[in-house]
Amino acid sequence: MSKETFDKLGAAAIASSVRAGDASPSDMVRASFERAREIGAGPDGLNIYLHSDEAASLEEAEAIKSRAGNAADAGVLAGVPVAIKDNIASLGLPTTCGSRILAGYVSPFEATAIARLRAQGALIVAKTNMDEFAMGSSTENSAYGPTRNPLDVRCVPGGSSGGSAAAVAAGIVPLALGSETGGSVRQPAAFCGVVGVKPTYGRVSRYGLVAFASSLDQIGVLGRTVDDAALGLETIAGYDKFDSTSSDEDVPIYRLSALGKSGSNARGPAAEAIRIGHSPIPPAPPPGATTLEGVVIGKPKEYFPDSLDASIRDLCEHSLDRFRSMGATIRDISLPRSPLAIPVYYILAPAEASSNLARFDGVRYGLRVDPGKGLKAMYEATRSQGFGPEVTRRVLLGTYVLSAGYYDAYYKKAQAVRTLIADDFRSVFTSGVNAIFTPTTPTPAFPVGAISDPYEMYLNDIFTVTANLAGVPAISVPIGRVRRLPVGGQIITAHFDEYTMFRLAYALEAALGTEAHQ
Ligand code: GLN
């Protein structure tokens with residue numbers, strides 16, 4: 001088994017052989033842990049996992065096995081090993097958010113997204129390394145040391161869901177959960193050569209996701225293929241009474257592999273009747289077909305600046321050519337306020353974080369450092385020893401922009417510009433454009449330790465953060481390699497139009513074939 005298992009065998013295929021009784025869930029767990037050992041996923045190697053418990057996972061596998069006899073009960077993810085970013089609350093394994101302040105913390109409840117995976121037979125094998133409290137773009141901000149990119153161990157895997165992306169890229173699991181506030185699933189997916197999807201804000205319950213910036217946070221999915229990412233998202237999406245920001249909009253079937261031959265969407269009304277975003281496009285083609293007649297893809301000029309790495313530009317142009325040859329029309333568009341996204345995000349996200357992180361005070365969770373000089377001294381000592389430098393910087397920044405006198409100048413202005421950024425997307429999607437294509441990142445993965453200036457690090461999010469500010473869904477798919485490192489292309493669609501996003505991602509993946517990984 002080992003690497004072959006999750007390189008060649010996706011989540012859907014594993015589940016169907018487990019349901020058919022041809023594979024055992026325990027073998028899948030063993031293969032996953034064997035692969036982790038083989039590649040050196042531990043703290044002395046790639047440092048991908050923060051917590052795992054092979055014996056407990058094997059016990060869970062036995063429970064799934066007893067369900068597997070009855071195919072209907074076993075679930076769409078029967079026996080599939082899944083890794084979870086360590087800011088998503090799990091029963092059994094700790095939830096530390098990559099922070100010292102939560103060292104050893106075990107949640108008394110489980111996130112809805114994890115519960116939904118388990119209900120479909122998934123086996124949670126590990127919690128993955130991440131930038132502390134999801135603040136970062138390289139997984140170097142973890143209190144437990146950086147994760148390394150399995151494709152080139154000198155490089156970062158991206159962040160903040162770097163451990164999850166690396167786990168999928170290394171063939172340890174076929175599927176992983178990450179979280180996004182400003183690109184943290186798509187950017188590491190691009191750096192590690194895997195698929196990463198951020199759904200529409202509200203598409204997936206945030207119950208159990210440790211809050212960073214609540215108006216932006218969403219759980220996302222990483223997989224080796226578009227089909228696995230679609231399967232993962234389908235499983236966790238949908239209304240949850242424990243999250244008042246979760247949407248009750250129907251979850252369509254995203255997987256082409258699960259659609260009928262006619263391409264009709266089995267779960268909803270006839271596909272013809274489904275409006276894709278704001279402009280109806282033809283129903284999905286049958287699996288394998290790649291016609292995109294009538295689909296309009298926008299190419300925003302702000303995402304192809306003169307300064308863009310020439311090889312990344314070439315790969316994007318090649319992907320656009322592929323879309324064209326499948327019948328899609330490429331239209332030059334503009335999202336004029338996008339260049340303001342970085343300053344806007346880095347005011348709003350820290351502002352919300354400064355409030356959300358106030359709960360880590362040495363009383364309710366994890367670490368307490370008490371010099372014995374009263375409550376205030378205990379708070380100060382706990383927080384200054386518990387939080388790393390980037391989290392401290394964000395809390396200070398956030399507190400500053402929310403303080404009297406600066407609130408209007410910074411926070412309020414950033415909120416207003418956020419609305420304008422979202423308006424830009426709305427006008428594009430109401431003008432007959434079905435999707436937008438951009439590079440996921442301005443450069444491929446960079447070496448560990450190469451970026452020490454925080455502002456330079458923030459610029460990594462330049463193409464991804466806008467989708468979070470606007471709340472729209474976006475996916476990164478591998479489109480080729482530059483200097484042997486993977487590059488991702490990003491497909492963005494209108495709110496709740498994950499269907500079109502997946503459809504185009506499938507088409508691109510099929511059209512590029514092995515080129516995507518060369
Ligand atoms: N890199 C961004 C940040 O540091 C985004 C993080 C995220 O999406 N969680 O805030």
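Taken together, the values in this text are just the output of simple stated rules run on the coordinates, not laboratory data. Since the structure is predicted, the reported quantities are computational estimates derived from the model, not experimental observations. Cβ: placed from backbone, ideal geometry, glycine included. Neighbour counts: every protein chain shown.
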Checklist entry - Once amide H atoms are built 1.01 Å from N in the peptide plane, which residues 5 or more positions from D86, or in another chain, come under 5 Å H to H? => result T128
Checklist entry - Nearest 0.05, what FRET efficiency do F242 and Q385 give at R0 = 22 Å with Cβ-Cβ as r? => result 0.10
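Please report D248, D217, D243, D73 as a ranked list, fewest other C-beta atoms within 10 angstrom at the top and most at the bottom. Walk me through the intermediate numbers first.
On the way: D248 10, D217 25, D243 17, D73 13.
By the 10 Å Cβ count, ascending, the order reads D248, D73, D243, D217.
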Next on the checklist: Can you give me the distance in nm between label points at K301 and A358, each placed 7 Å from the Cα along the Cα-to-Cβ direction?
Outcome noted: 4.5
Checklist entry - For K299, K376, K85, K127, what's the fewest-to-most ordering of other Cβ within 10 Å of each Cβ? => result K376, K299, K127, K85
Checklist outcome for this item: Restricting to aspartates and glutamates and to Cα separations under 18 Å from K413, and discarding same-chain partners fewer than 8 apart, the set is E352, D423, D424
Item to check | Order by protection proxy (mean Cβ within 10 Å, highest first), peptides 101-112, 321-332 | outcome: 101-112, 321-332
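Take the Cα pairs of region 145-223, get the Kirkwood Rh, then feed it into Stokes-Einstein at 4 °C and 1.567 mPa s and tell me D in µm²/s. Walk me through the numbers before you get to the answer.
Numbers: Rh = 12.3 Å.
Rounded, D is 105 µm²/s.
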Next on the checklist: If I take every Cα pair under 8 Å that is 6 or more residues apart in the chain, average their sequence separation and divide by the length, what percent do I get for the relative contact order?
Outcome noted: 16
Checklist entry - Considering amide H positions built from the backbone, and no H for Pro or chain starts, which residues 5 or more places from G489, or on another chain, come under 5 Å of its amide H? => result T440, V477, I479
Next on the checklist: Within a 10 angstrom radius of the beta carbon, how do E317, E509 rank from fewest other beta carbons to most?
Outcome noted: E317, E509
Next on the checklist: Between region 151-199 and region 70-137, how far is it from one alpha carbon centroid to the other, in angstrom?
Outcome noted: 15
Next on the checklist: Taking 22 Å as R0, compute the FRET efficiency from the Cβ-Cβ separation of T514 and E54 and round it to 0.05.
Outcome noted: 0.05
Item to check | Other-chain or far-sequence residues with amide H under 5 Å of Y49's (modelled H) | outcome: N129
Next on the checklist: Could you give each residue of region 246-252 its phi-based ³J(HN,Hα) in whole Hz, using Karplus coefficients 6.51, -1.76, 1.60 with θ = phi - 60°, and x for Gly or Pro?
Outcome noted: 7, 8, 9, 4, 4, 9, x
Checklist outcome for this item: Taking a straight Cα-to-Cα line shorter than 26 Å from K241, and setting aside same-chain lysines fewer than 8 residues away, one finds K85, K127, K198
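Find, to one decimal place in angstroms, the Kirkwood hydrodynamic radius of the chain, where the mean of 1/r is taken over every pair of different Cα atoms and then inverted.
Details: mean 1/r = 0.0440 Å⁻¹.
Over the chain, the inverse of the mean reciprocal pair distance is 22.7 Å.
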Checklist outcome for this item: With the 8 Å Cα cutoff and a minimum separation of six or more residues, region 427-518 has a relative contact order in percent of 33
Next on the checklist: Using the basic label-point model (7 angstrom from Cα toward the beta carbon), what is the R426 to L308 distance in nanometres?
Outcome noted: 2.7
Checklist outcome for this item: CD proxy, 222 nm, the chain: helix-only mean residue ellipticity via -39,500 (n - 2.57) per DSSP H run with n ≥ 4, per residue, nearest 500, stands at -10500 deg cm²/dmol
Checklist entry - Counting pairs of alpha carbon atoms under 8 Å apart in space and at least six apart in sequence, what relative contact order in percent does region 215-255 give? => result 33
